Amino acid sequence: MTDEARQGRQIIPLKDGWKFTRHALEEADPLRGYQVHLDDSGWETVRVPHDWAIAGPFHEDHDVHVNSVMEDGIKDHITHVGRTGALPIVGMGWYRQHLKIPKMWEGRRITVEFDGVMSNSTVYMNGVSCGSWPYGYTSFVFDLTDHVIYGEDNVLAVQVCSLPSASRWYPGAGIYRQVRLVIKESLHVNPWGTYITTPEVTEQGAAINIRTSVSSTGAQPALAQLVTQLLDPSGHMCAEDTIIEQISGQAELEQHLYVEHPELWCTEHPRLYRAVSMLLLNGEEVDRYETPFGIRSISFDAQEGFQLNGKRLKLKGVCLHHDLGPLGAAVHVRAMERQLELMQAMGCNAIRMSHNPPAPELLDLCDEMGLLVIDEAFDEWGEGKVQNGYHRLFQDWAEKDLRAMITRDRNHPSIIMWSIGNEMREQRLESGASTTAFLTAIAHDADPTRPVTAGFSMSDDAIANGLAAAVDIPGWNYKPHRYEEYHRQHPDWIMYGSETASTVSSRGVYHLPAVKEIPMEPKRDLQASSYDLSAPPWGTTPDQEFMAQDDLPYMLGEFVWTGFDYLGEPTPYRTEWPSRSSYFGIVDLCGFPKDRYYLYQSQWSTKPMLHLLPHWNWEGEEGRPIPVVCYTTYPAAELFLNGQSLGIRHKSPASLPERYRLRWDAVPYEPGVLSVIAYDKDGSQVMTHEVHTAGAPARVLLEADRTVIQADGEDLSFITVSIVDEQGKLCPHADHNVSFLLQGPGEIAAVDNGDPTSIIPFSARDMQAFHGKCLVIVRSRAGEGGNAVILAEVPSLQSGRLDIACHI
Ligand code: GAL
């Protein structure tokens, strides 16, 4: 360790070398894993972030919920099998890390920061409890100083207790987010200790206010000097301020700075500044703390909608749950980035973090990529939805958790609203208004610069009982047909669709006839058709929400349920094994777009596009009328089958779904080529697209999102595996079993196929193609550079092979 490292803040990520074991909750903790001299050498060695449940196996008995969900108007006793993903989340887990604490740290504060532990965690240092944190989604810090032994081996132990019936979706299990040791001098900036606001923003200049929360834990008061420098997006210092204060215990120091001609943060140019806070004692730097932030203004108006930097912007948003499909809940930054890239390419500009605070890395990515965010705290308040849900904690923890979320997140320019809850059962109660007011007041106190919202499903009740009026901006879940009425009744309310659509579909599945399928009778294949006509009774098709948002300028926009499929909540097959993940995603669990992706893209993106569905392989159905649908940015298109025109269709503003979809309802099937030509407003031909009948499966095609990755043990390559014919055309019915082998550096992190009913574990080394495709994810190994070769084999077909370069 250098001399320099002895001074100031030191941050040590705790990733490798954790020892881990787990056992059933019913066993009365036989391990007592906090004991210092316990022999943990036989435990598994894991890397954190770690989700203990994602490897599987899937089983219908994992976390079965009986009649535990009351939020969907369900009155009868029903058994939900795949509600939390049919994965082994329930149980007690112990994590242990052996740490050498050097003597030179004596006199400093030694803390441990967790970005999130799922859930009910207790942290022990050398056998002594340092604190417990029940909610799995909020970040927390414990001070270990009084319990460490300098110059010796120390044991940091974390007990995790994951209860049954505690969630409405897959929560993951274990230390699924980052952990770090933070060693500080006695005079230091507190955790999440800077609060940066931009009360005045114009193109000429921006006023920047910074409140820095500082601790001095020494015996004597410290005469502290706080120097704050602002660095512009190119890293040049653009403002500086110094303040000197005598500090004993806690203090909050306030500074006012000014930036001339600021580079504003916006969705197209998400420019980030940095505030560097330096604490000096007797002229020597004792702490340095950096905070990225953006300079931007937001405003909301009951008539004009949302404005960013004075410009109107319709929110084209999606709701996202926190799991990363086959990688589970464990934080993988590249997987999050890929999700956001896919959403942005669709034209999406906003994310609702449903229904809980996300990993901090996801918010960093939204800042860097220019996505707007609703940061959401809770899915339950005091009234439960599931037996062991947050209602058990609400009384004691709601304020702590809400403050933890806002204090950690309030410098992110991407965040535009705080959501205090989703579809709380308190909507039906008169007392709900006071709970809403209580949480709104906390949010206003922790950050008065952003409005407070909540997602209301029982909108009439929420209005009658005063909850809607107790937030700044009520969000309506699934109410496009009520927006006009609510606006008339409450012309001064600012409103948006906090949750919309909930259309269900399975990638590559087309049921005939193409009709609304809910309730799903007969149950057939436990899939939902990609004609995009079906939603549960409370939901709608995308089109109904588009129409409301397009016609009602005062609506801020919408947040579709959901951008990606997620583990758990397999509506509409809640009771049917083996359905175990959602059908709601615009994109499937692998990250493969469903047809709906192109419907949203046609409305949200400015990029010209043309998409046809379904596939054109209806062997044995020759002559059968097949509905063909086109999603396009253009107003009209003409369809051809094997060169024969089947007519032009025009979008028709007056009716649904013709306003957003072009349809040829009965195209008699014959193999060959379906082609479509788009016409612009003047009737000129502007774009063409073709769908071919694929021949017999011939080979396995591998295509990576990136063929060069960093050898840091974290970077990922997502490899799409397609079963194709001789010409390279996707075989839309192929369901071959593909075996994978990785040679060279790296490892197979997971496999998947996007089938919500598949019970092949994500940790397997083979995967069955689902409608022609599956996915293999390769992760690099830290420090192991070179070429990784991934081989994909199907006995009867030509194998696939791809090189992934791992760069050191
Ligand atoms: C909403 C709920 C979401 C999800 C969705 C499914 O009512 O807020 O969490 O359950 O329904 O349509």
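Brief remarks follow.
- Among (1) touching a Pro at 6+ places or on another chain (Cβ under 6 Å); (2) free of Cβ contacts under 8 Å to residues at least 24 places away in the same chain, the one test that VAL587 misses: (2)
- Selection count where residues are out of contact with any Gly (no Cβ under 6 Å at 6 or more places or on another chain) and either open to solvent by 20 Å² or more (accessible area, probe 1.4 Å) or within 23 Å of ASP323 (Cβ to Cβ) (or both), scope the stretch 730-745: 9
- Contacts under 6 angstrom Cβ, first residue in the stretch 207-227 being open to solvent by 10 Å² or more (accessible area, probe 1.4 Å), partner aromatic (Phe, Trp, Tyr), 6 or more apart: ALA207/TYR258; ARG211/TYR195
- Complete set of residues in the stretch 684-705 that are open to solvent by less than 70 Å² (accessible area, probe 1.4 Å) and either in a loop (DSSP other than H, G, I, E, B) or under 27 Å from PRO49 (Cα atoms) (or both): SER684, THR693, ALA694, GLY695, PRO697, ALA698, ALA704, ASP705
- Scanning the stretch 313-321 turns up no residue that is more than 16 Å from the ligand (Cβ to nearest atom), open to solvent by less than 10 Å² (accessible area, probe 1.4 Å), touching a helix residue (DSSP H, G or I) at 6+ places or on another chain (Cβ under 7 Å) and not in a strand (DSSP E or B).
- Failed item in (1) surrounded by 22 or more Cβ atoms within 10 Å (Cβ to Cβ); (2) within 16 Å of the ligand (Cβ to nearest atom); (3) closer than 25 Å to TYR631 by Cα, with GLU517 passing the rest: (1)
- Residues (within 24 Å of ASN388 (Cβ to Cβ) and not polar (S, T, N, Q)) located in the stretch 126-141: GLY131, TRP133, PRO134, TYR135, GLY136, TYR137, PHE140
- Scope the stretch 623-637; condition touching a residue at least 40 places away in the same chain (Cβ under 8 Å) and open to solvent by less than 30 Å² (accessible area, probe 1.4 Å); matching residues: ILE626, PRO627, VAL628, VAL629, CYS630, THR632, ALA636, ALA637
- Search result, residues across the stretch 27-53 that are among the basic types (Lys, Arg) and in contact (Cβ under 8 Å) with a residue 12 or more places away in the chain: ARG47
- Meets criteria (more than 16 Å from the ligand (Cβ to nearest atom), farther than 25 Å from HIS269 by Cα, among the hydrophobic types (A, V, I, L, M, F, W, C) and open to solvent by less than 10 Å² (accessible area, probe 1.4 Å)) for ALA446: yes
- The criterion of being buried (at least 22 other Cβ atoms within 10 Å of the Cβ) and β-branched (Val, Ile, Thr) holds for ILE719.
- Residue check, SER602 closer than 24 Å to PHE718 by Cα, touching a residue at least 40 places away in the same chain (Cβ under 8 Å) and either within 16 Å of the ligand (Cβ to nearest atom) or surrounded by 22 or more Cβ atoms within 10 Å (Cβ to Cβ) (or both): no
- Residue in the stretch 787-805 that is within 29 Å of GLY568 (Cβ to Cβ), touching a residue at least 60 places away in the same chain (Cβ under 8 Å) and open to solvent by 10 Å² or more (accessible area, probe 1.4 Å) present: no
- The residues of the stretch 394-425 that are within 16 Å of the ligand (Cβ to nearest atom) and open to solvent by 10 Å² or more (accessible area, probe 1.4 Å), listed by number, are GLU423, ARG425.
Rundown of residues vs (1) over 30 Å from PRO745 (Cβ atoms); (2) touching a residue at least 40 places away in the same chain (Cβ under 8 Å), yes/no style:
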{"position": "GLY647", "(1), (2)": "yes, no"}
{"position": "LYS651", "(1), (2)": "yes, no"}
{"position": "SER655", "(1), (2)": "yes, no"}
{"position": "ILE677", "(1), (2)": "yes, yes"}
{"position": "LYS681", "(1), (2)": "yes, yes"}
{"position": "ALA694", "(1), (2)": "yes, yes"}
{"position": "VAL708", "(1), (2)": "no, yes"}
{"position": "GLN727", "(1), (2)": "yes, no"}
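- Taking the stretch 89-103 as the range and being outside any strand (DSSP E or B) and either open to solvent by 20 Å² or more (accessible area, probe 1.4 Å) or closer than 11 Å to ARG32 by Cα (or both) as the test, the residues that pass are VAL90, PRO102, LYS103.
- Exactly one residue among ARG338, ARG288, ARG352, ARG334 is within 16 Å of the ligand (Cβ to nearest atom) and not in a loop (DSSP other than H, G, I, E, B), and that residue is ARG352.
- In the stretch 494-507, residue nearest to ASP550 (Cα to Cα) [restricted to those that are away from the ligand (no atom under 16 Å from the Cβ) and touching a strand residue (DSSP E or B) at 6+ places or on another chain (Cβ under 7 Å)]: MET495
- Filtering the stretch 712-759 to residues that are among the β-branched types (Val, Ile, Thr) and part of a loop (DSSP other than H, G, I, E, B) leaves THR757, ILE759.
- Hits in the stretch 427-443 (condition: within 15 Å of the ligand (Cβ to nearest atom) and either open to solvent by less than 10 Å² (accessible area, probe 1.4 Å) or touching a Cys at 6+ places or on another chain (Cβ under 8 Å) (or both)): GLN427
- Counted as qualifying within the stretch 1-51 are the strands (runs of 3 or more DSSP E) with 3 or more residues that are under 22 Å from GLY136 (Cα atoms) and either at pLDDT 95 or above or of a type in the set (D, E, K, R) (or both), namely 18-23.
- Where VAL373 falls short, out of the listed (1) in a loop (DSSP other than H, G, I, E, B); (2) over 23 Å from PRO49 (Cα atoms): (1)
- Scanning the stretch 466-493 for residues that are open to solvent by less than 10 Å² (accessible area, probe 1.4 Å), away from the ligand (no atom under 16 Å from the Cβ) and under 16 Å from LEU552 (Cα atoms) yields TYR483, TYR486.
- Here ASP460 clears all of (1) within 16 Å of the ligand (Cβ to nearest atom); (2) open to solvent by less than 10 Å² (accessible area, probe 1.4 Å) except the condition numbered (2).
- The number of residues in the stretch 652-683 being assigned to a loop (DSSP other than H, G, I, E, B) and open to solvent by less than 50 Å² (accessible area, probe 1.4 Å) comes to 10.
- Residues in the stretch 539-596 that are acidic (Asp, Glu), buried (at least 20 other Cβ atoms within 10 Å of the Cβ) and either assigned to a loop (DSSP other than H, G, I, E, B) or more than 16 Å from the ligand (Cβ to nearest atom) (or both): ASP543, ASP565, GLU569, ASP588, ASP595.
- Applying the condition of being closer than 13 Å to ILE196 by Cβ and in contact with a His (Cβ under 9 Å, 6 or more places away or on another chain) to the stretch 252-293 and asking which residue is least open to solvent (accessible area, probe 1.4 Å) yields PHE293.
The values are calculated or read from the model by the stated rules, or taken from the named source; none is laboratory data. In this text the structure is predicted, and so the values were computed from the model without any measurement. Note that each Cβ is placed from the backbone with ideal geometry, even for glycine, and that neighbours are counted across all protein chains shown. The protein model used for the area step is the full one, side chains on, heavy atoms only, and it has no ligands, DNA or RNA in it. Shrake-Rupley method; radii C 1.70, N 1.55, O 1.52, S 1.80 Å.
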